[in-house]
Ligand code: FES
């Protein structure tokens, strides 16, 4: 089965435009492009990305219009724009806040 040009869609992740196949899960499309980090762990800042691929672990959380969605279940469509979910740094390492150490 060949892919027709009609299957190709443009989408944006963190402000960068990519091409993907309509209906393909956004997380899979990014992984195929070599993008594996979808956000940060809120506790320790470790990278998060695809893990279970079936919508159970929530490790692939991204923001779509301010709403948290799972990238492994988010179908690509023309013009879809989403962004990584970055954690705020811990207070003691936040350069904008005074240290209480
Ligand atoms: S990879 Fe587990 S919910 Fe998406």
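Do you know which of the residues in region 44-58 that are out of contact with any helix residue (DSSP H, G or I) (no Cβ under 8 Å at 6 or more places or on another chain) and touching a residue at least 12 places away in the same chain (Cβ under 8 Å) is surrounded by the most Cβ atoms within 10 Å (Cβ to Cβ)?
If we take residues in region 44-58 being out of contact with any helix residue (DSSP H, G or I) (no Cβ under 8 Å at 6 or more places or on another chain) and touching a residue at least 12 places away in the same chain (Cβ under 8 Å), then 48 is surrounded by the most Cβ atoms within 10 Å (Cβ to Cβ).
The set of residues in region 1-26 being under 15 Å from residue 81 (Cβ atoms) and surrounded by 12 or more Cβ atoms within 10 Å (Cβ to Cβ) consists of 9, 10, 11, 12, 13, 14, 18, 20, 26.
Scanning region 27-36 for residues that are exposed (fewer than 13 other Cβ atoms within 10 Å of the Cβ) and touching a helix residue (DSSP H, G or I) at 6+ places or on another chain (Cβ under 9 Å) returns a single hit, 36.
Here, each number is a calculation from the coordinates, and none is a lab measurement. Just so you know, these numbers come straight off a predicted model, no measurement behind them. Note: ideal-geometry Cβ built from the backbone for every residue, glycine included; neighbour counts use all protein chains shown.
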